[in-house]
1. Using the membrane-span-like helix rule (whole DSSP H runs, Cα extent along the own axis of at least 18 Å, mean Kyte-Doolittle hydropathy at least 0.0), which helices of the chain qualify?
2. To two decimal places, what compactness ratio does the range 121-264 give when its Cα radius of gyration is scaled by 2.2 N^0.38 Å?
3. Using bins 10 angstrom wide from zero, how does P(r) for the chain break down, in % of all Cα pairs?
4. Give the peptides 9-15, 316-322 in descending order of average Cβ contacts within 10 Å, highest first.
5. In the range 280-390, what percentage of the DSSP-assigned beta bridges are antiparallel, given to the nearest 5?
6. Let me have the 222 nm mean residue ellipticity of the chain computed from DSSP H runs of 4+ only, each contributing -39500 (n - 2.57), with the sum over all residues rounded to the nearest 500.
7. Just order 472-481, 16-25 by mean Cβ neighbour count inside 10 Å, highest at the front, would you?
8. What pairs in K107/K250; K154/K427; K116/K427; K226/K250; K226/K427 have C-alpha atoms more than 27 Å from each other?
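Read the figures in this text as sums done on the coordinates, not as results from a lab. Note that the structure is a prediction, hence the values are computed from the model and not measured. Every residue, glycine as well, gets a Cβ built from its backbone with ideal geometry; the counts of neighbours run over all protein chains shown.
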Amino acid sequence: MDQSQAPVLEALAAFQANPLTTFTPPGHRQGRGVDPRTLRALGADVFRADVLATGGLDDRTGSRGILEHAQQLMAEAVGADHTFFSTCGSSLSVKAAMLAVAGPHEKLLVGRDAHKSVVSGLILAGIRPVWVEPQWDAQLHLAHPPSPESFRRKLREHPDARGALVTSPTPYGTCADLAAIAEVCHDADRPLIVDEAWGAHLPFHPQLPTWAMDAGADVCVTSVHKMGSALEQSSVFHLQGDLVDPAVLKQREDLLGTTSPSVLVHAALDGWRRQMTQHGRALYDHALDLAEDVRSRIAALDGLHVHGREDFCGPGHAADLDPLQVIIDVSALGTGGYRAGDWLRSHHQLTLHLCDHRRISAQLTHADDSSTADRLLAGLTELVDAADGLGPAPRIHVPDPDRLRLEQVRLPRDAFFGPVEQVPIEKAAGRIAAEMLTPYPPGIPAALPGERLNEDVVEYLRTGHAGGMLVPDSADPELCSVRVTVEEPSR
């Protein structure tokens, strides 16, 4: 195929050159009906590009196949058999993938470090999760993706599981041994889904970690807005092999997705693919050189430690690391990541990727250059000088790995939709959670519906929230109380 083409972008340019007089949505009529104050903030071109996909760019029947052509070009660019665009983010894409593999009350092996969107999929579908434990670094208090042997063991224990799902890379940039996990799944004739939301860039440079399709995964979900050049909510999911029916996968996406997809999002995905096929290697040559320079300059600052492969990779840890995720331990400054991140935003207008009780991180992409790198280094240099005034990190109780793991006593769906009550957080231990309690970012639930809470996790959430942790999906935003299931009194 001709990778210099961009079907959605080209159709949009043709539409703008010879605009139709529309009597369809969107009601703003190419921006003519938009309040001038809104136009000043968003720009008129946004509304000029906001048109219907079918009945706008394409005709009523979609006879020109504009979107299908763009998806085929994307599939060829990355070596997949099929690619589907999503305008509802990877939160939708990963649910569609899960529902294409397992149905109500069927089992799915899932790494317990999964994003909250995966848990939402379990709730919606009524899938029974078989949790696969991450590899926990007790010294750094950090979870790496589960090992292939953990998946093998769980598959032996649950041979009726319909497939497996693993998250790689994690938001910290650590990667699973996807080739070995795919082999484990395929030995049992089961498909592997990879939530590769943080890895849209991986296919486009050989020095980046191996991406899911090259490793043999069956379905791969990527968020192009995270590490690529697409708009927020831009996601694609790729399929290869014959373990998942492409028609079934498309039907599941239709079940969950919007009937009014954004041409703006489709066009940005189309443009990203063309940019990567034509210029991706050179762009990531530069990005990787920049990342190496940034890492060395940060490492030279007293009190800051930049995590690298020597910290995160090896036996019992991750298989690989994305160097564009620059993870910085600030604990030697005598403060915590939440305070450091807030200080950098308020004093240097720097917004960081994630902050936790001891770390901050800067996500670099192909769009960064020496100017953004210099601003980051200037802020970090002053952070070191100002650290004494930030105060010590609030005490956050981080349990041992065995105490972080909660017992799954009910299906997530049953706990979420069943009778619930709100109890004070100090009385929540021993009760079954009826909601997700998710420190964010990175968005991995500490507790999820159907798990029995223990004292350690309750204390982790309570002290974490007091120390600056965000738990945005709690019914009580102050986390003074927790939603739990109503349990029948014992007889």
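1. Values: long enough: 66-78 (19 Å, 0.49); 89-101 (19 Å, 1.28); 263-299 (43 Å, -0.33); 370-390 (29 Å, 0.39).
For the chain, where a helix must reach 18 Å along its axis and average at least 0.0, the hits are 66-78, 89-101, 370-390.
2. Normalised by 2.2 N^0.38 Å, the Cα Rg of the range 121-264 equals 1.08.
3. The distribution over the chain is 4, 18, 27, 27, 18, 6, 1, 0, given as percents.
4. Working: 9-15: 17.7, 316-322: 21.3.
Per-residue Cβ counts within 10 Å, averaged per peptide and sorted highest first, yield 316-322, 9-15.
5. Values: 9 of 10 bridges.
DSSP beta bridges in the range 280-390 are roughly 90 percent antiparallel.
6. Taking each H run of at least 4 residues, the total per residue is -12000 deg cm²/dmol.
7. On the way: 472-481: 14.4, 16-25: 10.1.
Sorting 472-481, 16-25 by mean packing, highest first, produces 472-481, 16-25.
8. Where the Cα-Cα span goes over 27 Å, the pairs concerned are K154/K427; K226/K427.
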